[in-house]
Amino acid sequence: MEIKFFSPEIELFIEHLDNATVAKILRTLDLLEKFGNKLGMPYSKKIGNSLFELRVRGKIEVRIIYCFHDNVIVLLYAFVKKTQKIPSRIKVLAEKRLNSLDLT
């Protein structure tokens, strides 16, 4: 499955992380590309209607919220995990981005 970024800011976020974290993100993205919606824990977890989180563990915990849209994986938002739960503002933003995909 092809992977697309919703916006360039997600790519910039990933590029500015340390090399070890970037390598883990790229490896996890490769798994997502290969297994698609069959990728499960500990790499991927469903967090809502059509929303999933890609879980990158390590010195820095990174989460990438994504969805499946027209046989493409769309990365909607990426952030460094600092709390147990996903902050509601991030989830709301990801849902807005998901809804904007349905309009196009």
- Run down 98, 93, 31 and say which single residue is at pLDDT 95 or above, surrounded by 12 or more Cβ atoms within 10 Å (Cβ to Cβ) and not polar (S, T, N, Q). 31
- Query: Residues of region 18-30 being assigned to a helix (DSSP H, G or I) and more than 15 Å from residue 68 (Cβ to Cβ), which ones?
  - Reply: 19, 20, 21, 22, 23, 24, 25, 26, 27, 28, 30
- Given the structure, is residue 13 of a type in the set (Phe, Trp, Tyr), part of a helix (DSSP H, G or I) and over 15 Å from residue 76 (Cβ atoms)? no
- Complete set of residues in region 1-54 that are out of contact with any Leu (no Cβ under 9 Å at 6 or more places or on another chain), closer than 18 Å to residue 95 by Cα and basic (Lys, Arg): 46
- Item | Number of the condition not met by residue 35 [criteria: (1) in contact (Cβ under 8 Å) with a residue 24 or more places away in the chain; (2) farther than 17 Å from residue 86 by Cβ; (3) of a type in the set (Phe, Trp, Tyr)] | (1)
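The values are calculated or read from the model by the stated rules, or taken from the named source; none is laboratory data. Note that the structure is a prediction, hence the values are computed from the model and not measured. Every residue, glycine as well, gets a Cβ built from its backbone with ideal geometry; the counts of neighbours run over all protein chains shown.
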